[in-house]
Amino acid sequence: MFVINIGQLVTPQGSKGVSGEEMKNLTILEDAYIQIVNGQILSMGMMSELPKAMRDRTLDAKRGVVIPGLIDPHTHAAFYGSREEEFLARCLGEPYGKGILTSMNLVRAATDEQIYQYSRRFLLDMISRGTTTVEIKSGYGLNTEGELKLLKVIKRLKANLPIEVVPTFLGAHAIPEGVKKEDYVGEIVEKMIPQVVSHRLAEFCDIFCERGFFSISDSREVLKAASSVGLKLKLHAEEFQNSQSAELSAELKATSADHLLFISSNGMYAMLEAGVIPVLLPGTAFTLNLNYAPAREMIDMGLPVALGTDFNPGTCLVHSMLLILSLAVMKMKMSVEEALTAATLNAAAALDRAGITGSLEEGKRGDLVVLDLKNYRQIPYFFGHGVVHAVVASGKIIYERESGLAAN
Ligand code: NIG
Ligand code: FE
């Protein structure tokens with residue numbers, strides 16, 4: 001297919017996460033086209049150079065902006081039921097508490113089909129906002145049966161959605177009531193991880209390393225067990241207070257450490273040294289009214305900052321990467337260019353996929369978003385506006401504003 005009449009094509013470049021000054025370096029083509037063949041970008045250039053033989057399917061960008069498909073490297077999108085009362089109570093000052101267990105009860109009581117339909121609705125919505133690769137964590141089953149049930153729902157979403165779904169096992173999300181922590185960690189290590197791996201249900205293993213949830217030594221035990229059988233690692237780190245979980249992510253050479261609201265400079269240096277990608281989730285800080293992660297400091301010291309939504313029923317209902325990108329600009333002193341790199345190429349790197357997606361370059365997957373804007377610097381300015389004109393994944397139009405989702 002061809003995408004023609006692109007007013008401005010904007011992309012970072014490379015096959016790994018980029019850091020520091022390089023995060024600002026976007027390639028910009030004006031009045032351009034892109035050709036996608038067999039799901040991959042075959043060529044890009046000026047409209048004046050458009051191959052004459054072009055009688056293929058075309059998508060007219062109508063002089064809009066084209067950016068790489070957005071990559072959401074951190075979601076808890078597989079769940080069932082809402083938690084608006086907890087949310088409203090928190091808005092009035094209640095602290096964040098045991099909400100994960102509310103979702104656990106709802107997930108355990110729901111059928112696979114109910115969870116699938118419930119989650120799918122949100123994922124289709126994410127697609128219409130430009131997401132073309134999404135990570136989804138388990139973490140609301142919280143026993144072997146419940147976690148496998150959620151991971152199988154994620155597998156079905158992966159098989160049926162037109163975007164790439166990356167599954168993460170997050171059995172260590174909370175400890176169910178009435179269960180001893182030691183016993184639960186034992187069940188994760190001895191039962192859940194082996195079954196997750198033997199059924200190939202996850203690529204990453206994550207843990208909520210936080211006071212009141214899992215300690216540094218629990219996290220080391222779970223993550224070492226996971227990595228010894230081939231799972232790549234992620235951590236929910238320094239979300240509510242500093243526990244030196246960023247340092248642990250470096251020690252274990254995790255792919256990413258996420259949240260990092262309370263990270264220390266020692267933690268940042270450890271991550272830099274070890275090559276761990278910081279995934280920042282400003283939608284959560286926004287929803288919980290917390291201070292934002294120190295993005296500016298991280299970028300200035302050379303960390304390849306990535307962005308994600310953290311979409312989940314408790315701490316962040318934001319599921320649009322464009323809103324996240326805007327929050328990064330408005331609240332974390334990131335430039336538009338840095339935020340765009342963080343939401344595409346660096347987010348792909350946080351999923352170990354920077355070689356195949358995250359930028360518009362020959363040989364990369366044909367994933368892109370057409371925005372109804374004059375230039376990319378308008379993205380954060382039009383915060384919350386419906387600016388997505390079309391979404392293409394693997395060279396197929398999966399959403400067009402006029403005709404809606406083709407994703408069914
Ligand atoms: O990333 N911190 C742990 N997990 C989620 C919240 C999950 C929930 O409340 O349901 C988070 O903030
Ligand atoms: Fe999270």
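Here residue 80 passes the criteria (1) open to solvent by less than 40 Å² (accessible area, probe 1.4 Å); (2) over 17 Å from the mean Cα position of the chain (by Cα); (3) within 16 Å of ligand 1 (Cβ to nearest atom) except the one numbered (1).
Going by the conditions given, is residue 334 under 24 Å from residue 386 (Cβ atoms) and away from ligand 1 (no atom under 15 Å from the Cβ)? Yes: the conditions hold for residue 334.
Against the definition (open to solvent by less than 70 Å² (accessible area, probe 1.4 Å) and within 16 Å of ligand 2 (Cβ to nearest atom)), how does residue 218 come out, yes or no? Considered against the rule, which asks whether it is open to solvent by less than 70 Å² (accessible area, probe 1.4 Å) and within 16 Å of ligand 2 (Cβ to nearest atom), residue 218 comes out as no. So, residue 313, is that one in contact (Cβ under 8 Å) with a residue 24 or more places away in the chain, over 10 Å from the mean Cα position of the chain (by Cα) and within 16 Å of ligand 2 (Cβ to nearest atom) or not? Answer is yes for this residue. Working only within the range 245-268, note down all residues that are crowded, with 24+ Cβ neighbours inside 10 Å and part of a loop (DSSP other than H, G, I, E, B). 254, 260, 263 - these are the residues of the range 245-268 that are crowded, with 24+ Cβ neighbours inside 10 Å and part of a loop (DSSP other than H, G, I, E, B). Of the helices (runs of 4 or more DSSP H) lying entirely inside the range 274-341, those containing at least 1 residues that are of a type in the set (D, E, K, R) and surrounded by fewer than 24 Cβ atoms within 10 Å (Cβ to Cβ) are 295-300, 321-331.
Considering 64, 39, 45, 17, the condition of being touching a helix residue (DSSP H, G or I) at 6+ places or on another chain (Cβ under 8 Å), more than 16 Å from ligand 1 (Cβ to nearest atom) and in the same structural domain as residue 363 (by TED's automatic domain parsing) is satisfied by 17 alone. Taking the range 128-159 as the range and being farther than 19 Å from residue 313 by Cβ and either in a strand (DSSP E or B) or free of Cβ contacts under 8 Å to residues at least 24 places away in the same chain (or both) as the test, the residues that pass are 132, 133, 145, 158, 159.
The values are calculated or read from the model by the stated rules, or taken from the named source; none is laboratory data. Computed from a predicted model, the values in this text were never measured in an experiment. Every residue, glycine as well, gets a Cβ built from its backbone with ideal geometry; the counts of neighbours run over all protein chains shown. Accessible surface areas use protein heavy atoms only, side chains included; no ligands, DNA or RNA. Shrake-Rupley method; radii C 1.70, N 1.55, O 1.52, S 1.80 Å.
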